[in-house]
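Report on one structure; see the data block that follows.
The values are calculated or read from the model by the stated rules, or taken from the named source; none is laboratory data. Computed from a predicted structure; not experimentally measured. Cβ: placed from backbone, ideal geometry, glycine included. Neighbour counts: every protein chain shown. Heavy atoms of the whole protein, side chains included, go into the accessibility calculation; ligands, DNA and RNA do not. Shrake-Rupley method; radii C 1.70, N 1.55, O 1.52, S 1.80 Å.
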Amino acid sequence: GRPAPYLIFRAMESTGITDVRRVVNIGDTTLDLLSAVNAGVLGNVGVLTGTQTILHLGKVQHTHIIPSVAELPELLEKHFT
């Protein structure tokens, strides 16, 4: 369970990704973001469409915090391609 990184590692294994520097985590809870910190992924994006606020998510190491998942395509293209 989160904040352990195993869910991220399992997803990487399922998709054939072996390099955490090619992974961007997206989550709406502090536990989501903490699991990405523990996994050492390239990107760690907090999304404010869940129940936690920027005050919660901002306490955890992240690369970006966005208001809505609708902003993900632009963010991914701009910062992670």
All-but-one check, residue 56 against (1) on the phi > 0 side of the Ramachandran plot; (2) touching a Ser or Thr at 6+ places or on another chain (Cβ under 6 Å), failing number (1)
Of (1) open to solvent by less than 50 Å² (accessible area, probe 1.4 Å); (2) out of contact with any Lys or Arg (no Cβ under 7 Å at 6 or more places or on another chain), residue 56 fails just (1)
Residue 13 passes all but one of the listed conditions (1) in a helix (DSSP H, G or I); (2) closer than 21 Å to residue 1 by Cβ; (3) open to solvent by less than 30 Å² (accessible area, probe 1.4 Å); the exception is number (3)
Has the range 70-77 got at least one residue that is not in a helix (DSSP H, G or I) and not aliphatic (A, V, I, L, M)? no
Among residues of the range 59-80 being of a type in the set (Val, Ile, Thr) and out of contact with any helix residue (DSSP H, G or I) (no Cβ under 7 Å at 6 or more places or on another chain), the residue least open to solvent (accessible area, probe 1.4 Å) is 63
Reported set for the range 21-52 where residues are open to solvent by 60 Å² or more (accessible area, probe 1.4 Å) and over 19 Å from residue 76 (Cα atoms) is 31, 34, 38, 51
Residue pairs within 7 Å by beta carbon, gap of at least six or interchain, first lying in the range 24-45 and part of a helix (DSSP H, G or I), second charged (D, E, K, R), listed first then second, are 30/59; 31/2; 32/2; 34/2; 35/2
(message) Based on this model, can you work out whether residue 18 counts as outside any helix (DSSP H, G or I), within 20 Å of residue 73 (Cα to Cα) and of a type in the set (Val, Ile, Thr)?
(response) no
Checked the range 12-40 for anything closer than 22 Å to residue 60 by Cα and of a type in the set (Asp, Glu); matches are 28, 32
Filtering the range 50-69 for residues that are more than 11 Å from residue 27 (Cβ to Cβ) and either at pLDDT below 95 or part of a loop (DSSP other than H, G, I, E, B) (or both) leaves a count of 8
